[in-house]
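Just below is one structure, and these are the notes that go with it.
Please treat every number below as a calculation from the coordinates, not as lab data. Because the structure is predicted, anything quoted here is derived from the model rather than measured. Glycine also receives a Cβ, built like all others from the backbone with ideal geometry; neighbour counts cover every protein chain displayed.
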Amino acid sequence: MSTGGWLIFSVANDGDMDWNRGMKDYMYGFRGDGATWLGLEPVYQLCKEKNCELRLKFSEYDKNYVAYVDNFYLEDGSTGYVIRLSSVRGPDEAQGFVHNILHHDGARFSANDTDNDESYGENCANTHKSGWWYRECYTFKFIGDGKRRDHTGMNIYWGRNLKNIHYAEMALRVQPKYKIE
């Protein structure tokens, strides 16, 4: 899916998508019930020149938010698709969220069969029923069962408060490597 130069690579909603999957699915993508995951490998290929912008859109039931990450990219599969995030921009009311996303910079992707998180003795992907760039088993994740209102659903920590969200979208836009003045 593409809109306005943005390639939407992840959509999670209140549908019945099963996000508790193995690394191969997360590497190459899947879709169903209005939800989409393009795949780690295609995102890596698109952004390996380190010139992508990431847009994060999410909704609580009564409010919508958008945040942007500059210089977003993934390292290759041999690293566990380490996520790289530099500066984050977002509305003032979303500053707690904006701060928490940077916590994931440098995290490797975990799936139910691939424990790459930094949590000792626990696979966060199994605990939270979805793959993600976990460091420990908290902070936030943009994928999961939107009907769940516990740690297995889509949720973010807003400051120190857990917020459940019912829609989340991640999109990327490749930025020109050189700007012509």
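Points worth noting:
- Computed extension gain for residue 60 through residue 16, at 0.36 nm per residue and net of the alpha carbon distance, reaches 14.0 nm.
- Remark: for residue pairs 24/50; 24/57; 57/141, the C-alpha separation exceeds 21 Å in 24/50; 24/57.
- Taking 0.36 nm per residue of separation and subtracting the current Cα-Cα distance, fully stretching the chain between residue 120 and residue 45 would add 23.9 nm.
- Two-site FRET efficiency, residue 78 against residue 102, from Cβ-Cβ distance with R₀ of 25 Å, rounded to 0.05: 0.55
- Restricting the calculation to Cα atoms, segment 1-44 shows an Rg/Rh of 0.98 when the hydrodynamic-style radius is the Kirkwood one.
- Amide H contacts of residue 167 (H built 1.01 Å from N, under 5 Å, at least 5 apart or other chain): 59
- Sparsely packed loop sites in segment 1-80 (the chymotrypsin sites (Phe, Trp or Tyr not before Pro) outside DSSP H, G, I, E and B with at most 11 other Cβ atoms within 10 Å) comprise 61.
- The GluC sites (Glu not before Pro) of segment 1-89 meeting both criteria, a DSSP state outside H, G, I, E and B (loop) and at most 14 other C-beta atoms within 10 angstrom of the site's C-beta, are 49, 60.
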